[in-house]
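The values are calculated or read from the model by the stated rules, or taken from the named source; none is laboratory data. Only a predicted model underlies this, so the values are computations on that prediction, with no experimental measurement involved. Please note: Cβ atoms are built from the backbone with ideal geometry, for glycine as well, and neighbour counts cover all protein chains shown.
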């Protein structure tokens, strides 16, 4: 491979830059705010589902209250009419007796309705308390989500900016190297998880520490100043 000393220096710098980019991208992906935001959104979805169920219960109970009040209002009018009829009977015994029984029946029904209304209103009050608790829980989760989002934007934004600057610097460095050199480096980096370059340390690869002996060592040294480790396939600087 046709390569100069300056190319080797640039490759070492490129590897350092790539490793830093890997670290920063990993840090960005693993920012703890991501988990907080995801958890908050999952909780908000669960709370919203519960909120919808409670709202449905409240509608049903509210309809019961309306029906009871409508019936009581109708009976109140009927009661007034019956009382007026009794007053108009002016002592007609049979008419008064019949109207009195009717009035008693209406009164009993209104008493029963009043009792039913108390129970339904108590049920409605419990639902409204639950509704208020859910609203507070939703407000709390939303606040935590917003705080995590703001923190993520601040910390993640700084990381993204740093990554963008280093990516631009990487493009500049790559443009200054030959295509063959860049291709060899990128293939070695892909095979090795990022650490693409090492140094020949005596008769060993400076990265994987595998011994290289005999003809393979002679052949490797013949590739100076840059060869390939026969074991891990990393690029080796040979001095």
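Overview of values
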quantity	calculated
Selection from the stretch 5-40 of residues that are under 30 Å from the mean Cα position of the chain (by Cα), assigned to a helix (DSSP H, G or I) and surrounded by fewer than 13 Cβ atoms within 10 Å (Cβ to Cβ)	23, 26, 29, 32, 35, 38
Matching option when the condition is part of a helix (DSSP H, G or I), touching a strand residue (DSSP E or B) at 6+ places or on another chain (Cβ under 6 Å) and under 20 Å from residue 16 (Cα atoms), among 168, 162, 188, 184	188
Condition met for residue 2 (surrounded by 13 or more Cβ atoms within 10 Å (Cβ to Cβ), more than 22 Å from the chain's Cα centre (by Cα) and not assigned by TED's automatic domain parsing to the domain that holds residue 125)	no
Some residue of the stretch 212-222 being touching a helix residue (DSSP H, G or I) at 6+ places or on another chain (Cβ under 7 Å) and either at pLDDT 90 or above or closer than 20 Å to residue 13 by Cα (or both)	yes
Condition broken by residue 194, with the remaining ones in (1) within 20 Å of residue 20 (Cα to Cα); (2) in a loop (DSSP other than H, G, I, E, B); (3) touching a strand residue (DSSP E or B) at 6+ places or on another chain (Cβ under 9 Å) satisfied	(3)
Failed condition for residue 235, given (1) surrounded by 15 or more Cβ atoms within 10 Å (Cβ to Cβ); (2) over 20 Å from residue 12 (Cβ atoms)	(2)
Residue that is farther than 16 Å from residue 16 by Cβ, in contact (Cβ under 8 Å) with a residue 60 or more places away in the chain and surrounded by 14 or more Cβ atoms within 10 Å (Cβ to Cβ), where the choices are 177, 226, 217	226
So residue 141, is it under 40 Å from the mean Cα position of the chain (by Cα), at pLDDT below 95 and surrounded by 12 or more Cβ atoms within 10 Å (Cβ to Cβ)	no
The stretch 188-199 - residue that is buried (at least 18 other Cβ atoms within 10 Å of the Cβ) and in contact with a helix residue (DSSP H, G or I) (Cβ under 7 Å, 6 or more places away or on another chain) and, of those, farthest from residue 12 (Cα to Cα)	189
Residue within the stretch 70-89 that is in a loop (DSSP other than H, G, I, E, B) and either in contact with a helix residue (DSSP H, G or I) (Cβ under 7 Å, 6 or more places away or on another chain) or surrounded by 12 or more Cβ atoms within 10 Å (Cβ to Cβ) (or both) present	no
Residue within the stretch 124-136 that is closer than 30 Å to residue 12 by Cβ, in contact (Cβ under 8 Å) with a residue 24 or more places away in the chain and within 29 Å of the chain's Cα centre (by Cα) present	no
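This table checks each residue for (1) farther than 21 Å from residue 50 by Cα; (2) surrounded by 14 or more Cβ atoms within 10 Å (Cβ to Cβ).
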site	(1), (2)
94	yes, no
115	yes, no
130	no, yes
137	no, yes
152	yes, yes
